[in-house]
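The values are calculated or read from the model by the stated rules, or taken from the named source; none is laboratory data. Quantities reported herein were computed from a predicted structural model and do not represent experimental measurements. Cβ sites come from the backbone with ideal geometry, for glycine too, and all protein chains shown count toward neighbours. SASA here: full protein model, heavy atoms, side chains in, ligands and nucleic acids out. Shrake-Rupley method; radii C 1.70, N 1.55, O 1.52, S 1.80 Å.
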Amino acid sequence: MSEQQSMPSAPESWRFSYEAVADLPRLAWLARVDWPNVRVWSGSDVRREESGFLEGTWSGDAELASVTRSSTVFGSGIVGSRTELIVVTPAHTLEPVYHSHSADGKVVVSNSLVALLEATGRSLRDDEPYPRLFSLITRGVSHGTIPLPVEPTGAEPVTVQFYENLAISADGGVRVELKPRDERPFESFADYRDRLVGHVASAFANARQFEPLATISSGYDSTASASVGARAGCRLAATFTTGWPWRGYHGTDDSGEKAARAMGMTVECFERMAYLDLDDAPEAEFLATGMSGEDVVYRSMERALGGKMVLTGFWGGAAWRGYDRSEMSRLDLSGASLGELRLRTGFVHLPVPYVGGLQQPTMARLRKSPEMQPFSVGGRYDEPFARRLAEEFGVQRGTFGVQKLATSHRIHTNGLAAFSESGRESFAAFAGPDALIPRPRRPITGVDRLKIRVAKAARMSHLTEDIAQRRREAVHIEPVLGALMLRWAVEQTRPRYSALRGLGR
């Protein structure tokens, strides 16, 4: 008998098997790949089919297989083909997926860093500058593959993958698979608006079990995003009543209630800092994402978010303000630490400005076109794209986009002083009392910023790279205790993934 005849016939495709784990966060998942089998453990709200699974939604044809062909995805999952598995990532730079190989060479993938560490029996090292690694994504999608060293010594790093998909072969190889680049340049404001609404409406249709809800403030980005959602059928909104003013502005009234009602939405108001009274160290699940933790204020809005498709305006300043943000680069990480809250409460995050984001340079050019001039009010805080989106849907000028305020809580700049009492107590128990002693810091000064601008204009940015790196880190994680805060947060969050312990070894 020939060797070929003696071998068993190859399976025709990947075989998915699922175990819904009641104790897992509703949208969390972990997969162990062993050709031809893909064993998946997931929370209750993950969509599971014979050909693959997904938590979230996308723009495109309704069948799940089309998600691999979509450039507009809000969520993550895995879809099989005959030869490869495609790991689908969110089409924005706010959340990644994570993967590594187990001790026996099998690929393990998850949408939670903490879940992957728990499943593989690994932990973060105490001598690694993790904030510097995570902050790489601010440079754009070309920096979206980030290896994280882990314990035990000699273990394969955990790889963080933003934006681009991954392809897993039958032999366990993993490679980056570029998302489709099928979004053509925008020809006019109307072209942009119509495609934006179309993508959002399609995302609504592909996950009807998640009722749309827009978060809205008094600013440009969330108001414009809410207007896009309203055009596509969103009728619910949530707003914080207060925010904090940026340098040169004043006041704290940040409610988007008037704008939401003008768009026909039912709106619920929340106090931004109410989470400080929680006794469960609320900062932990936000810092456990590896990001800045500044989105912790959304714990105050938690009861409105569960089970919803939540529209936000994150990255709107980059998308609509006129700067060239090719490859979707950004200056901060607001919105990037929502992942663990999102998985636990079960909401899909749809940051509207990221739709068509790789075509942002064409949007920047359109912003300067004559058709946009009537929607420019001048001054430092001027976003004609966002203003036109909102005003053409009935939001009156003067009711939004007047003062530049923010809702985030600046853990990344104020450190433990920004923590809740329960968070400080928990961190001190983990790190020891010495960690609470104030330490000197190196702030980014106006002179530093001037040096960066001058060097960039002279095409000599390499001369100020050290300053630029400190600036990136300054908007990422607290510069003295940041890595320690991350390790504390991961350990605090591990118990919610205890059902996965050892499954990825």
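Brief remarks follow.
- Residues located in the range 168-199, provided they are among the charged types (D, E, K, R), open to solvent by 70 Å² or more (accessible area, probe 1.4 Å) and under 25 Å from Thr362 (Cβ atoms): Arg181, Asp182, Arg184, Glu187, Asp194
- Leu389 vs. criteria surrounded by 19 or more Cβ atoms within 10 Å (Cβ to Cβ), in contact with a Pro (Cβ under 7 Å, 6 or more places away or on another chain) and either free of Cβ contacts under 8 Å to residues at least 12 places away in the same chain or among the aliphatic types (A, V, I, L, M) (or both): no
- Enumeration of residues in the range 15-34 that are open to solvent by 80 Å² or more (accessible area, probe 1.4 Å) and assigned to a loop (DSSP other than H, G, I, E, B): Ala22, Asp23, Arg26
- Looking across the range 409-422, the residues that are open to solvent by less than 80 Å² (accessible area, probe 1.4 Å) and either basic (Lys, Arg) or under 23 Å from the mean Cα position of the chain (by Cα) (or both) come down to His409, Ile411, His412, Thr413, Asn414, Gly415, Ala418, Phe419.
- Count of the range 220-239 residues which are in contact with a Phe, Trp or Tyr (Cβ under 7 Å, 6 or more places away or on another chain), open to solvent by 10 Å² or more (accessible area, probe 1.4 Å) and outside any helix (DSSP H, G or I): 2
- Taking the listed residues Leu333, Leu350, the one that is touching a strand residue (DSSP E or B) at 6+ places or on another chain (Cβ under 8 Å) and open to solvent by less than 20 Å² (accessible area, probe 1.4 Å) is Leu350, with no other qualifying.
- Qualifying positions in the range 134-151 - touching a strand residue (DSSP E or B) at 6+ places or on another chain (Cβ under 8 Å), closer than 25 Å to Gly105 by Cβ and open to solvent by 10 Å² or more (accessible area, probe 1.4 Å): Thr145, Pro147, Glu151
- Taking the range 70-144 as the region of interest, the strands (runs of 3 or more DSSP E) fully inside it that hold 3 or more residues being within 25 Å of Phe314 (Cβ to Cβ) are 73-80, 97-101.
- Residue that is most open to solvent (accessible area, probe 1.4 Å) [pool: residues in the range 257-301 that are aromatic (Phe, Trp, Tyr) and assigned to a helix (DSSP H, G or I)]: Tyr298
- Selection from the range 302-316 of residues that are under 23 Å from Asp277 (Cβ atoms), out of contact with any strand residue (DSSP E or B) (no Cβ under 6 Å at 6 or more places or on another chain) and not in a loop (DSSP other than H, G, I, E, B): Glu302, Arg303, Leu305
- Looking only at the range 427-463, and only at residues there that are more than 28 Å from Arg247 (Cα to Cα), at pLDDT below 85 and part of a loop (DSSP other than H, G, I, E, B), the one that is most open to solvent (accessible area, probe 1.4 Å): Arg459
- Within the range 317-328, the set of residues being open to solvent by 20 Å² or more (accessible area, probe 1.4 Å) and outside any helix (DSSP H, G or I) comprises Arg321, Tyr323, Asp324, Arg325.
- Filtered residue count, the range 177-201, keeping only those that are in contact (Cβ under 8 Å) with a residue 40 or more places away in the chain, of a type in the set (A, V, I, L, M, F, W, C) and closer than 13 Å to Ala91 by Cβ: 1
- The listed residues are Phe204, Phe162, Phe134, Phe210, and the only one of them that is touching a residue at least 12 places away in the same chain (Cβ under 8 Å) and in contact with a helix residue (DSSP H, G or I) (Cβ under 6 Å, 6 or more places away or on another chain) turns out to be Phe162.
- Output for the range 385-423, where each listed residue is among the aliphatic types (A, V, I, L, M) and in contact with a strand residue (DSSP E or B) (Cβ under 8 Å, 6 or more places away or on another chain): Leu405, Ala406
- Odd one out for His92, checked against (1) on the phi > 0 side of the Ramachandran plot; (2) touching a helix residue (DSSP H, G or I) at 6+ places or on another chain (Cβ under 6 Å): (1)
- Residues located in the range 327-369, provided they are over 19 Å from Asp221 (Cα atoms) and at pLDDT below 95: Glu327, Ser369
- Pairs meeting the criteria (first residue in the range 67-83 and farther than 13 Å from Leu350 by Cα, second residue assigned to a loop (DSSP other than H, G, I, E, B) and of a type in the set (Lys, Arg), beta carbons under 6 Å, at least 6 apart or on different chains) are Ser71/Lys179.
- Counting only residues that are small (Gly, Ala, Ser), open to solvent by less than 30 Å² (accessible area, probe 1.4 Å) and under 20 Å from Asn37 (Cα atoms), the range 81-106 holds 2 of them.
- Residue within the range 270-284 that is within 20 Å of the chain's Cα centre (by Cα) and among the aliphatic types (A, V, I, L, M) present: yes
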